[in-house]
Each structure stands twice: as C-alpha cells, then as structure tokens.
C-alpha cells in the first residue's frame, strides 16, 4: 500500500478511547490541549522544521485509526505525513480580551476534533499576542499518547530547535517503535493474568456509586459534557504528607489512592469500594520502554476494603503491596479484566478514576535557547472518560483536581468531594497511631458547623413532668372540656379524677411503681385516663392495639412481662382470661370506679420509664422501646411551643395508641388546656365524611399519618366539602412526604394552614426533627425533614462514625433529651443501637443509630434518603421485613422466604412475599391465615409469589434486586363465571382496578387480598357514590368478595336507606357549650 509503513492492532486503552469517540460522534472528547507561553524571538521556520522532523522519527505521530470493514480496529503507520504550524497575529487583541479569545479558540479546536483516518491526529498553532510574546497551542488526541510521551516529544522538539541555533550535534537516544509494545502485550500468557484478576476481584458485585451522583448508572456512558475544579494542599501539609509516606515507606500515589478509597467508602457506606486507576504501563520488562512514544497508560480497577478498626499505617502498607503486585498485570485491557470478574458485561466496573501524574518528563522546561524561554504551560484535558476523574499533580503544593460529568455532578458536590479528599490527606500525617475510623472528612470549621452550629443549644429551663403538668392544668381549668368522644365529654377535673382512680386501683391490686401495665382499649375517654393513671402510678404503660390478632397480643404481653392488663369494656373478648395469666382490670369497671380518686403523694422521677411501645423486630419478635418521663416531658414542651397550642384549640386524636403519634396528639393538648377530640371510624370512610366531621368538631389541629394525608390530598378535588377554616395546623409524620403531594395540597388549599413535616423513630420519643413546609419547598426534589427539635441533637455519620459534609449521605444518629432508655429485655440490641456519643461533653451520653440514611442541605436542614437495612415505612408503620420473613419461615410448609416492599407503580406500594414452599399444594391463602395469627393486618403481604429458589448474589446472599415483579393475572386464567358481566359488576370491578392498580378483577376477589387497605377505602367509597349512586361505609368493604359488595349495592339501589342526618356532631358541640338548637 502506498505510503503505509506498518499495520497493527490497538492497545486496550486505545481501543476504549476510540470506541467512546466513535459512538458519541465526538472525536474531540479525548483531545489534550497544551498552551505554551513563549517570551523572546520565535523563528517560525526552525520551529516548523523541529516539529516535522520529530514527527518523522516517531511512528505513532504518523498513525491513523480504522474500524470499518475489519474484525478488530487497526492502526496504520504512514510513511510521510506533513504537519504545519498555523500562524495567528493577535497583537491587536487587548490584554483583557486575550484569555477569552483563547478560550473560544480552544473550544472551537475541540469541536473540530480529528478525522481518525487522516494523520496526523495533532495540530499546532502559533499566536503572536504582544511584542516578544507568543502562545504555542499544541492539540493531539489521547489515542496517540499520554503526558509521559508528550514530554518526550516536547523535549525532542526543543532540542532540535536549540541545536539549529547552536550548531551542536543532535544527540537523540535510541528509541523503539510503539509496535514493539503492542507485540509484547500479545505475547503474554492471559491465563496468569486471569488468575490474578479473578482473585483480586472475587466477590465484587457492582460499581461504587457516589451518593452525590445525580443520575447513577450501572452502564458505561461516555462523558461529553464536563467541567473541572482544582484546589491545592498547602506547602506545609504537603511536606508533612510526604514525610509521613517516607517514614512508613509508602508512596505519595498510595496515600492519594488510599484517601480516595476511604472517601468512596465514607460517601457510599460500603466497606468494599472500587475505583479506576490510570497506571503508567511502563513497568513492563522491555528494554527502552521509557523512551517509547505512544499510549502506555491503562485504566484498571483498584479495590480497597475499609475496615474501620484497622490500623491506618498497616492498612496503607498492605494497600501498597497489593499495588506493587498488580504491576505485573497492568498490560491487560479493562474489557478482559471485567470478563474475568462477576460484573455483567453490560455494566461498568467503576464510576470514578484516579490519575496520578508521575511521569519523569518535563512539559515546563523554561529555556529553548538564549533568545526564547517558556514562561508557563497550561494543560487542557479532554473528557475524563468516567463520571468523575481525580487528577493529582505532585508538587511543592499538592494539586488536586476533579474533572466531572455535568450530567452527574453539580459544582457544589465536586467542591465538597475535593474538600473531603484534602481533609483526609491533611490528616494522614497526624495518624501515626490512628485507625481508619479516626480520619475526618471535615476540616475543623466544617466539623464545628455540622456538629455544633446545626444542633440547637440545650435549654436550661426546667421541664415539668407530664403527670404534674396535667394535674396543674386540672387545678387551673377544672371545668374546661378535656376530651370529646362521640356524645361523651370529660372535663379536666373528670379526667384527673378517673386517672387517679386508675392509679389507685393499680396500687390496690398490688402493682407498684416501676412495674409495667398493658393497655388494650378502643379509642374512648378511658383510654386517656388509663395512660395518665399509669403515669401517675409510676408504672410504664404498654399500649396494645385491640385490632391486632389475639396471638400477637398474647406474644406482646409475654414479651413485656406486664404486671397488670387494663382492658376496655368493649374488647374483653379479644383477650380472654384463658389467653394470659396476667391480672386484669376493666376500665370503667367496678374495681376502678370503686377506687379512691385522691391524688397520690409520690411522683415519678425524670429517669423513670413512662411508657414502652413495641416496634417491629428483625428477629421475628418486636422490640419494646422504653421512654423516660424526662424524654416525654421534653417532647411535650417542644410540641406546645412548636404548635403554639392554647386552650382554644381542638386537636383530633387520630392514631392508634400503639403508634407513638398518639402521644403527640394527647399529652401536649392536655398540658395546654385544649380539647382532645377522639375520632371514630365513620369519619375516615370518605374525604367528605372526614372534612364534615372536622368542620362539625371545629378541629384546629390535625396530626396526619403522611399516607392518610396523601389520600385526603388526592380526594380534595372531587370532595363536596372543603377543609374547615378552623384548621390552623397540620402535622405530617410516619413516612416520607413527597413534593408532588405538597404541590397538589397547595393547589387545592392555597391559603391553608401551616404544615409541619416531622421525622422521628420511637427510640427518639416520637419526633426528632421538624420543619414547616411552604410553596418554596416545591423546587426541591425531596422535602426536608428539618432540624433537631428542642434539646435534641442529630448527627449524620459515615460508616466509620465520622460526620459527613453537606450533600453527602450517611446514617442519621439521634441524641439529646429525647433519647429512649433502650429495648426492654434485649441488652444486646440496646448496646448495638444505642452507642456512646463522642460529640457530647456530657459523661455517659449516648446516641441512637437510626438505620435511616440522610443528608444535610447547605443550610443545615436534613433530607431523608431511605434505609440502610430492610426496615421500611408502610402506611405509617415501621416494619422490619425480616420479622415477616421469620414468621413465614415458621410455617411447616415454607422452606425459605423473602419479603419486599414494592412500588412497581408510583404511589401504589405493597408488600410482596416470595416463598419457597415444601409442597406444591401450599396456597397463598394458607400462608395469609398463618400470618394473620401472629401479625397485624398492615404487615401481611398482599401478594405471594411462589418460586423454585430465591435468586442469590455471587456472595450467596438473597439478591433482592433480582426478585421478579409479581405477574398480573390474565382474563383467561379466571373462571368465566367469576368475571364481571352486568353493568354494576363491571363498574365496581373497574373502580377496584383503578384504585388498587390491579387488572382483571374477578367477582370472587377480596379487596384486602388484592392489596387494599384502610387508606384506599376513601377513593373506593367516593367513586362508588359518584358512579353507582350508593353510599358505603368503611365496614362495607370488609365483605369478603366483590360479588358480595355487588349484592349489597343492588340491595341499597332497590331499597335506599334514609338520608344521613348532617351536623349531629355540631349539635352535640352546641349542647356542651349551652347553645340552643
């Protein structure tokens, strides 16, 4: 072939660069641009000759690249390839415009790119910018060479230019062509490298995604829109860092890579992290390899395992040993390495890359001859190749830069990453005796900000305990209405008297202060009297929801080791005497009504336990969280202040007493002299019923489970009523509130009440953080959960226990006055979750590891970011999926099980059980029945999927991401007789299908078995009224099947019930106030 000297294959790195450039159609994305600022006299002809002769000598500079019509891409070396230096006279350009004009030229140069099939893949431009001042612009494609080779080329051009003036003989070292390196790589035995890389990457399952990534992806996507930031480490800190490395025989490169690995681990919460490293590639055993011009660098995975308690120096030394061992296998291509790992072929191995520029050449040599010097060299690199590339330049002041994908990272996030990397590096020299957990991500100022300034100062005001505060209120306003429940009301004097009777009845029965008392009672005034009476007696109360299965209630009674059971009259049959050996008192019964109503003479201490609430437990048994009187009192004071409660308020009591939101509704209200209104089930049957009841009662404050607020929000558009003007405050909590629901609420209620978004586990006494939501929050993808409440503290820590900077996800730890005492009878769990607080000056202070992921905003507000473990929030309840799995696996026909909370359709979450059954005949109904004996309804999966085996990861763990989406049923699979046929049947089936988002509803289907729950009753009732003209109550949907609901509707259409009388609640309220009807 004419003008062709050689043809050979590409190196692995060349192949990758060419591939990205071709598939993006952007041949300039990996362009390297170098700008030399020259001062003196430039001989353009001599400079042109020096470059041409250098190009003639090095084959790679005369190479083109071809991929069409060949099995594998090839590079072709051409014999003669001319190169010219384009001259530009910019002496008329004002100094203040010069840099801008140069920036524009570089951008245009990059856009122009290169034609890979036409050499040379490099360009030269000389700009005369002022008398005696020039700019030499050299651009070349990275596929030709890297920085090391560029320094060799520049040195040769400089030597040729100088010798042309000095007439000295040109003495150039012997060099080998780049082809020799390609030949050497092809001669290596791949089996040896395969064995090494398989061992090095054993068990590695996927790319390490930075938590600040805006659009994480497991796929390799070339980066064509990028930017960069740079900072330096001070001269003193750089010197100290180098000295530290020298003392422990660890290179600066190892220190940098180790720090980046630590930062990756801290930012992701993963102890096993992988990033890419650009290696020089010149450690191969070839004579003269250091003088070859070509692309030797390679991109390979670097794996770091961060065990927080490992000694820092030992860990760094071991890390360097592994890097040295890797050098023998640095020639292998990344594609081959990935093929030898467990990573799927389509997925990327890493998302970040570290480039340590340690070549021996010098791009900044100052003198070309006596008449020409180089004042400065500015490098402008192309695409980082990965979403984030860390470029480190070792100098007297260590230079740290990050080039990043603009689609994946914000400038603020990159600034944070650079700050964390610098903090880690600067602290290394102080870490002679440190462990990995001791290295901080933050400098001293930022540490002070997140740990101290973003936590409120402790209040020095005395905090009255709840029993004493409610007694004070009863004395101050004895005749004021404390509780309203249907047609019954109690004054503060009556509530105090009945609570005293409960306390004295407990004492009469031999129950002493400190012994636990269980409460199982419907929502009625005696429920509140029982809670308050137990507190007065110094007996921690244990609330039980009477709606839960008898089996679960007896389990909880056994776990709580209670001394007495306080039962409501209406629920005695739920817990027959035969079900438990615990003594019992019936609320409102003779033993309590006959007890003294005098106040006791003793009072509980702040450190005594006030109540114990059970939360879901991963072992299959719930955990009893014990909360002290002091923690409860602090929370009550916070609520009174935050809610601005007054005696004029009417607060809706919505939650079950087994859900700690009930505490937020009850005690702050009564401590403020306000009225507590106990809801009934009829008001939650529809949005209209709810709004009407709130209007009738004159409700001013509603404490919504977030999921129920979502239902109300979605129903406001079609509701006949509107939110009453009396409502001045809405509190959300229990699970994540979403921006789209807030937007819908504000659209329907534009001038509505204040909305508080709260967050807090039971272990932190109901609420730990709070914030007010407004229209300004709609610009955020995630709604804030605010800042710590009164006397509470919040820390967001990485997996080593170090505070994280703003924007970085970590585990939320809670501390302060609201912290619970721990788990009853489970010291190991208590010690695991309640750990020493290293940030508190108080001796013995503790903090709670919430298991929740969160991040700080720049103003100190906190965003919730999910869970670390398998605990989920579902319908406002905290659920350990492992508890459901444990109960499933106790079934004799279940070999193994996994449970997921799936949201395959946005806004429609459901629990799905995946079961490996011992016998083929096991049915989902059998398992639901078994679960129903031990779990509340909200913990029973609505869908069961039977599998032959659970999918596993390479580590042998259940691969929850691979669990399949439940298949929708098809009409062919249904019995023809069960398919809706009449107009009414089809309408009702369509309503269920739309609300439940389940296709092919049959007449034998059960609303709750299909994933229905109480929060979905409202839209069903509303649609049935609108489309069918029948008014339903929530209890009507307890009917087992759609067929039975059809029958009910047919009956009511044929025999319409009398219209419901409106305003009955308002008439009761009026009579209580003495108004005339």
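The values are calculated or read from the model by the stated rules, or taken from the named source; none is laboratory data. Quick caveat: nothing in here was measured; it's all calculated off a predicted structure. As a convention, Cβ positions derive from the backbone with ideal geometry for all residues, glycine included, and neighbour counts pool all protein chains shown.
When 777, 751, 703 are checked against the criterion of being more than 22 Å from the chain's Cα centre (by Cα) and under 24 Å from residue 909 (Cβ atoms), 703 stands alone in meeting it. Among the residues of the stretch 136-149, the one identified as under 20 Å from residue 393 (Cα atoms) and in contact with a strand residue (DSSP E or B) (Cβ under 7 Å, 6 or more places away or on another chain) is 142. The set of residues in the stretch 756-772 being in contact with a helix residue (DSSP H, G or I) (Cβ under 8 Å, 6 or more places away or on another chain) and surrounded by fewer than 22 Cβ atoms within 10 Å (Cβ to Cβ) consists of 756 alone. Here the condition is being surrounded by 20 or more Cβ atoms within 10 Å (Cβ to Cβ), farther than 12 Å from residue 385 by Cα and in contact with a helix residue (DSSP H, G or I) (Cβ under 9 Å, 6 or more places away or on another chain); of 10, 38, it holds for 10 alone. Only one of the listed residues (104, 144, 152) is within 20 Å of residue 64 (Cα to Cα) and not in a strand (DSSP E or B). That residue is 144. Just wondering, is there one or more residues in the stretch 447-465 that are over 30 Å from residue 610 (Cβ atoms), surrounded by 15 or more Cβ atoms within 10 Å (Cβ to Cβ) and out of contact with any strand residue (DSSP E or B) (no Cβ under 7 Å at 6 or more places or on another chain)? Yes, the stretch 447-465 has at least one match. Of the candidates 610, 631, 598, the single residue that is surrounded by fewer than 16 Cβ atoms within 10 Å (Cβ to Cβ), under 25 Å from residue 521 (Cα atoms) and touching a residue at least 24 places away in the same chain (Cβ under 8 Å) is 598. Residues that are in contact (Cβ under 8 Å) with a residue 40 or more places away in the chain and within 11 Å of residue 1042 (Cα to Cα) were ranked within the stretch 988-1007; the one that is nearest to the chain's Cα centre (by Cα) is 992.
Inspect the stretch 334-343 for any residue being under 26 Å from the mean Cα position of the chain (by Cα), farther than 30 Å from residue 155 by Cα and at pLDDT below 90 and give the result as yes or no. Within the stretch 334-343 (the criterion being under 26 Å from the mean Cα position of the chain (by Cα), farther than 30 Å from residue 155 by Cα and at pLDDT below 90), the answer is yes, since at least one residue qualifies. Any residue in the stretch 183-193 that is free of Cβ contacts under 8 Å to residues at least 60 places away in the same chain and not in a loop (DSSP other than H, G, I, E, B)? The answer is yes; a qualifying residue exists. The listed residues are 115, 103, and the only one of them that is surrounded by fewer than 16 Cβ atoms within 10 Å (Cβ to Cβ) and over 28 Å from residue 356 (Cα atoms) turns out to be 115. In the stretch 918-939 there is at least one residue that is at pLDDT 75 or above, surrounded by fewer than 15 Cβ atoms within 10 Å (Cβ to Cβ) and touching a helix residue (DSSP H, G or I) at 6+ places or on another chain (Cβ under 6 Å). Does residue 505 count as crowded, with 19+ Cβ neighbours inside 10 Å and farther than 25 Å from residue 615 by Cα? Criteria met by residue 505. With respect to the conditions (1) over 28 Å from residue 621 (Cβ atoms); (2) in a helix (DSSP H, G or I), residue 586 falls short on a single one, namely (2). For the stretch 19-35, the set of residues classified as within 15 Å of residue 68 (Cβ to Cβ) and crowded, with 22+ Cβ neighbours inside 10 Å consists of 21 only. Residues that are touching a residue at least 40 places away in the same chain (Cβ under 8 Å) and outside the structural domain of residue 252 (by TED's automatic domain parsing) number at least 3 in the following strands (runs of 3 or more DSSP E) confined to the stretch 426-527: 481-485, 517-520. With a requirement of 2 or more residues that are touching a residue at least 12 places away in the same chain (Cβ under 8 Å), surrounded by fewer than 19 Cβ atoms within 10 Å (Cβ to Cβ) and touching a helix residue (DSSP H, G or I) at 6+ places or on another chain (Cβ under 7 Å), the strands (runs of 3 or more DSSP E) lying completely within the stretch 226-306 that satisfy it span 226-232. Return a yes/no flag: does the stretch 51-72 have any residue that is within 48 Å of the chain's Cα centre (by Cα), in a helix (DSSP H, G or I) and either modelled with pLDDT of 95 or more or more than 30 Å from residue 223 (Cα to Cα) (or both). Yes; the residues of the stretch 51-72 include at least one that is within 48 Å of the chain's Cα centre (by Cα), in a helix (DSSP H, G or I) and either modelled with pLDDT of 95 or more or more than 30 Å from residue 223 (Cα to Cα) (or both). You will find that of 80, 69, 96, the residue that is more than 21 Å from residue 115 (Cβ to Cβ) and assigned by TED's automatic domain parsing to the domain that holds residue 158 is 96 and no other. Scanning the stretch 1048-1069 turns up no residue that is surrounded by 16 or more Cβ atoms within 10 Å (Cβ to Cβ), modelled with pLDDT under 80 and touching a strand residue (DSSP E or B) at 6+ places or on another chain (Cβ under 6 Å). Applying the set (1) touching a strand residue (DSSP E or B) at 6+ places or on another chain (Cβ under 9 Å); (2) under 30 Å from residue 24 (Cα atoms) to residue 181 leaves exactly one unmet item: (1). In the stretch 564-583, the residue that is modelled with the highest pLDDT out of those that are part of a helix (DSSP H, G or I) and farther than 17 Å from residue 522 by Cβ is 577. Of the residues making up the stretch 707-722, none is more than 21 Å from the chain's Cα centre (by Cα), at pLDDT 90 or above and assigned to a loop (DSSP other than H, G, I, E, B).
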